[in-house]
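Asks: Just dropping this structure here.
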Amino acid sequence: MAQNGTIEAFGVNGATFTSAEGINAKGQIVGYNVGPNDRHRGFLYDKGVFKTLDVPKATFTEPYGINNKGKIVGTYVDKAGKFHGFVYDKGKFTTIDVPSKATALFTQARGITNDGRMVGYYVADVRYHGFVYYKKGKFTTIDVPDATHTYVHHINESGQIVGTYRDQNNRTYGFVATP
């Protein structure tokens, strides 16, 4: 990219760490920064301007994905220390937690399509499982066969998902799943 294009470096003032996690076709970027007291705060970076994205009453907010309509997904930690997924749309945060027969201890939303399908992963039964979330609260669990853990990171408009999984020998591999 640097040979024929440009690279724009950016960071949040006062932060010791800034991570860009997702970008949409409009060039809007989401991510998080770490500042004083190791506080993780989310941001939307749009045309050179940072907007802070913090889930109300959360101790930690990390956005990971943004679609072309400006819907943002990520994770936050509540005051009790539990991780939840979220979607941010038109100024409102909505919690996304995977329902599970076992108690899901952790949900992280990582990617979102323009029609609102979300992907991520959650912890239940001491294992990480991937998920796809459809409208009206329908979740589908994604587990790579014979994997000990499955992490789903992104989804494209065709419904293909990508992620990583860990095998019985504690090795990590990438995968792509096509519907």
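The values are calculated or read from the model by the stated rules, or taken from the named source; none is laboratory data. The structure displayed is predicted, hence computed values, not measured ones. Methodologically, a virtual Cβ is constructed for each residue, glycine included, from the backbone with ideal geometry; neighbour enumeration extends over all protein chains shown.
Asks: Of everything in region 150-162 that's polar (S, T, N, Q) and in contact (Cβ under 8 Å) with a residue 24 or more places away in the chain, which residue is nearest to G116 (Cα to Cα)?
Replies: Here the residue is N156.
Asks: Can you tell me which residue in region 150-179 is nearest to P63 (Cα to Cα), limited to those that are exposed (fewer than 13 other Cβ atoms within 10 Å of the Cβ) and among the β-branched types (V, I, T)?
Replies: Within region 150-179, the match that is nearest to P63 (Cα to Cα) is V176.
Asks: If you check I66, I72, which single one turns out to be closer than 14 Å to G31 by Cα, touching an Asp or Glu at 6+ places or on another chain (Cβ under 8 Å) and of a type in the set (A, V, I, L, M, F, W, C)?
Replies: After ruling out the rest, the residue left standing is I72.
Asks: Oh, and also: Identify, from the list A147, A80, the residue that is more than 16 Å from the chain's Cα centre (by Cα) and buried (at least 20 other Cβ atoms within 10 Å of the Cβ).
Replies: Answer to the selection: A147.
Asks: Follow-up question, since we're still on this one. So which pairs qualify, if the first residue must be in region 163-179 and in contact (Cβ under 8 Å) with a residue 24 or more places away in the chain, the second must be part of a strand (DSSP E or B) and among the small types (G, A, S), the Cβ gap must be under 7 Å, and the two must be at least 6 apart or on different chains?
Replies: As it stands, the answer is G163/G130; F175/G163, since those pairs meet every condition given.
Asks: Restricting attention to region 25-33, does a residue exist that is over 25 Å from I142 (Cβ atoms), in contact (Cβ under 8 Å) with a residue 40 or more places away in the chain, part of a loop (DSSP other than H, G, I, E, B) and touching a Leu at 6+ places or on another chain (Cβ under 7 Å)?
Replies: Yes - at least one qualifying residue is present in region 25-33.
Asks: G85: under 29 Å from T140 (Cα atoms) and small (G, A, S), yes or no?
Replies: yes
Asks: Go over the candidates G65, G70, G81 one by one and state the one that is at pLDDT 95 or above, among the small types (G, A, S) and closer than 25 Å to L105 by Cα.
Replies: G65 is the lone residue from the list that is at pLDDT 95 or above, among the small types (G, A, S) and closer than 25 Å to L105 by Cα.
Asks: Across region 139-179, which residue is farthest from I72 (Cα to Cα) among those that are in a loop (DSSP other than H, G, I, E, B) and hydroxyl-bearing (S, T, Y)?
Replies: Once the filter is applied, the top-ranked residue is T148.
Asks: Does region 102-136 hold any residues that are among the charged types (D, E, K, R) and buried (at least 24 other Cβ atoms within 10 Å of the Cβ), and which are they?
Replies: Result: R110, single match.
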